[in-house]
Amino acid sequence: MIRRTARPALAALLLVLISMNTGCASLNPFAPKRVVHREELAPAQWGALKHDNAIRIQGEGIPGVKPIPQPSTGGMLSQIGDFFENVFWTFPKRTYEYYVLRRNPGKYARMMEDEQSADNRRTGILKLAGDFEFGRGEPYTKRYWQIAQGDPDGLVRAAAIRALNRSRDKNGQEIYLKGMDDANPLIRIESAKALANMPDPKAVPLLVKHLAPEYDVKGEGGRPEKAQETRDIRVVCADALRNYPDKDVAQRLVQMLREKDFEIAWQSRKSLVLLTGRDYKYDVDKWQEYLTKTANPFG
């Protein structure tokens, strides 16, 4: 038998449970606040998405490229924090890596040219382009360009394409376009990533082609066949198409919203939001109605 002193506590618990199940936030102070979804993005929100995309396309730490200014949020306190971080963490860390661990550009440049080891060549390329700002400019980018076309190892060629992408080297556009139809999926995905960061109108048919679950290839004797595309490459293609404000491109992305693979559908929706400044989630009918009835759906 329940004691009388316990009855008020049980009644309060029951009231909380009822309010949680009925969504009554006024009775349950711990219930999460309901967020109202807006199908049309506020101008500032859409502008922020475009600004972030512009920064991504420009890249980071590339010699001779002036960074896109961003609004300051920390003021003097943030500058003091950056100073102490550089003095007591960044500088000692780089000194230790250079003199103790021997992680220096000369070592990686020699590894990049190691004819006996494909692993060394790949590691040298990625370290130079990733860890050193000057490794994302001439003459290194020219060497990546040569390796991307002539190295006998597919992993090394893929690493060279990644380095060119990290350097935002537009001189490699033909390499990226050609790489989209390479038999090696690693070269295809690195090429697609490069085209996602360095838009080229010539890339649209290739990106649309590899966004589909299957694509045409030439089989034995030149016979046309179908090949399955990987999920990762399809996701990158959906991402890359965010830079092409074209109704046909947008319609292709809308079709991908029905994909059973959620990652592909999610990335397609994300690209559509950036293109249009609208967010109809995964409602294909609403997306198609907007694209069909709006004269300029891309603002």
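Conditions first: (1) under 18 Å from Ala203 (Cα atoms); (2) more than 18 Å from the chain's Cα centre (by Cα). Gly219 passes all but one, so which condition is the exception?
Unmet for Gly219, out of (1) under 18 Å from Ala203 (Cα atoms); (2) more than 18 Å from the chain's Cα centre (by Cα): (1).
For the subset of segment 149-189 comprising residues that are in contact (Cβ under 8 Å) with a residue 40 or more places away in the chain and in a helix (DSSP H, G or I), which member is nearest to Ile125 (Cα to Cα)? Steps first, answer last, please.
Applying the first criterion (in contact (Cβ under 8 Å) with a residue 40 or more places away in the chain) to segment 149-189 yields 166-168, 185, 188-189.
After this cut, where a residue has to be in a helix (DSSP H, G or I) as well, the list is 166, 185, 188-189.
Details: Arg166: 11, Pro185: 19, Arg188: 18, Ile189: 18 Å.
Ranking the candidates gives Arg166 first.
Suppose the filter is more than 21 Å from the chain's Cα centre (by Cα) and without any contact (Cβ under 8 Å) to a residue 24 or more places away in the chain; does Glu259 pass it?
Values: more than 21 Å from the chain's Cα centre (by Cα): no; without any contact (Cβ under 8 Å) to a residue 24 or more places away in the chain: yes.
For Glu259, the condition - more than 21 Å from the chain's Cα centre (by Cα) and without any contact (Cβ under 8 Å) to a residue 24 or more places away in the chain - is not met.
Scan segment 190-228 for residues that are part of a loop (DSSP other than H, G, I, E, B), small (Gly, Ala, Ser) and either at pLDDT 95 or above or surrounded by 12 or more Cβ atoms within 10 Å (Cβ to Cβ) (or both) and report the count. Lay out the reasoning, then the answer.
We begin by selecting, within segment 190-228, every residue part of a loop (DSSP other than H, G, I, E, B); these are 198-200, 212-213, 219, 223.
Remaining after also requiring small (Gly, Ala, Ser): 212, 219.
Narrowing the set further to residues that are either at pLDDT 95 or above or surrounded by 12 or more Cβ atoms within 10 Å (Cβ to Cβ) (or both) leaves 212.
Within segment 190-228, residues that are part of a loop (DSSP other than H, G, I, E, B), small (Gly, Ala, Ser) and either at pLDDT 95 or above or surrounded by 12 or more Cβ atoms within 10 Å (Cβ to Cβ) (or both) number 1.
List every residue pair whose Cβ atoms sit under 7 Å apart, with the two residues 6 or more apart in sequence or on different chains, where the first one lies in segment 226-243 and is under 13 Å from Ala265 (Cβ atoms) and the second, anywhere, is at pLDDT 95 or above and among the aromatic types (Phe, Trp, Tyr).
Listed pairs, sorted by first residue: none to list.
Across segment 197-225, what is the number of residues that are under 30 Å from Asn53 (Cα atoms) and free of Cβ contacts under 8 Å to residues at least 40 places away in the same chain? If you could, list the steps in order and put the result at the bottom.
The initial filter retains those residues of segment 197-225 that are under 30 Å from Asn53 (Cα atoms), namely 197-215.
From what's left, free of Cβ contacts under 8 Å to residues at least 40 places away in the same chain: 200, 202-203, 205-207, 209-210, 212-215.
Residues flagged as under 30 Å from Asn53 (Cα atoms) and free of Cβ contacts under 8 Å to residues at least 40 places away in the same chain within segment 197-225 amount to 12.
The values are calculated or read from the model by the stated rules, or taken from the named source; none is laboratory data. Because the structure is a prediction, the values reported are computed rather than measured. Every residue, glycine among them, receives a Cβ derived from its backbone with ideal geometry; neighbour counts consider all protein chains shown.
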